[in-house]
Amino acid sequence: AYAAEIEPHTNYLAPRASENFNIQMRLSLEGIGAVLQREDEYTAIRTIVKGGPASLTGKVKVGDRVLAVGQGNTGPMVDVIGWKLDDVVDLIRGKKGTVVRLDILPADAGTDGKPQRIEIVRDKVKL
């Protein structure tokens with residue numbers, strides 16, 4: 001309201017909205033190159049960006065569900081079932097060249113299927 005009062009063409013962007021706006025303007029981000037969506041209590045892979053780190057590993061498929069996220073090679077795995085989508089995305093995005101570990105439940109596995117642990121090195125992804 002304050003920004004609009006001073007200058008009617010100015011808006012305040014919260015930090016998360018500002019980051020998403022910058023990504024859209026640059027048409028690139030640093031992460032794994034997967035578009036995520038909410039599916040019941042899970043975060044699922046909706047699409048994989050061709051040429052991105054997730055695509056290059058060949059281990060991540062559309063429909064796979066993310067159960068946990070770990071930072072680096074040895075960081076603790078954080079259970080993300082039931083989390084808000086934006087919070088899971090924040091854990092997965094990161095600086096180029098860093099490692100993120102994902103516990104993935106394959107799309108063709110039931111809820112009692114065996115999860116797979118995948119390591120992906122983040123990189124710049126062109127959208």
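Quick one: among LEU13, LEU91, LEU29, which has the greatest mean-square fluctuation in a GNM of the chain with alpha-carbon springs under 10 angstrom?
Of LEU13, LEU91, LEU29, the Gaussian network model singles out LEU13 as fluctuating most.
Using only the Cα atoms of segment 32-73, build the gyration tensor, take square roots of its eigenvalues as a ≥ b ≥ c, and label the shape rounded, prolate or oblate: rounded if a/c is under 1.5, else prolate if a/b is larger than b/c, else oblate. List each step's numbers first, then the result.
On the way: a/c = 2.20, a/b = 1.21, b/c = 1.82.
In terms of gyration-tensor shape, oblate.
Over the chain, what is the mean sequence separation of C-alpha contacts under 8 Å (at least six apart), divided by residue count, expressed as relative contact order in percent?
Working: 241 pairs, mean separation 34.2, N = 127.
With pairs under 8 Å counted, the relative contact order is 27 percent.
Mean-square fluctuation check for the chain, GNM, Cα pairs under 10 Å: which of ILE45, ILE92, ILE23 is largest?
Maximum among the listed residues: ILE23.
How much length is gained on full extension from TYR2 to SER55, taking 0.36 nm per residue of separation minus their Cα-Cα distance? All intermediate terms of the calculation are to be shown ahead of the outcome.
Working: separation 53, 0.36 × 53 = 19.08 nm, distance 4.42 nm.
Between TYR2 and SER55, full extension yields 14.7 nm more.
Nearest 5 is fine: what % of DSSP beta bridges in the chain come out antiparallel, could you say? Mind showing how you got there, number by number?
Details: 27 of 27 bridges.
Around 100 percent antiparallel, to the nearest 5.
Using 7 Å Cα-to-Cβ label points, what is the LEU127/ARG46 separation (nm, one decimal)?
It is 1.1 nm.
Rounded if a/c is under 1.5, else prolate if a/b is larger than b/c, else oblate: which is segment 35-124, with a ≥ b ≥ c the root eigenvalues of its Cα gyration tensor?
Here segment 35-124 falls in the rounded category.
According to a simple spin-label model (label point 7 Å from Cα along Cα-to-Cβ), what is the distance in nm between LYS114 and ASP90?
Reported label-point gap for ASP90 and LYS114 is 3.5 nm.
Values quoted throughout were computed directly from the atomic coordinates according to the rules given, and no laboratory measurement underlies them. From a predicted model like this one, the values you see are computed outputs, not experimental measurements. Heads up, the Cβs are rebuilt from the backbone with ideal geometry, glycines too, and the neighbour counts pull from every protein chain shown.
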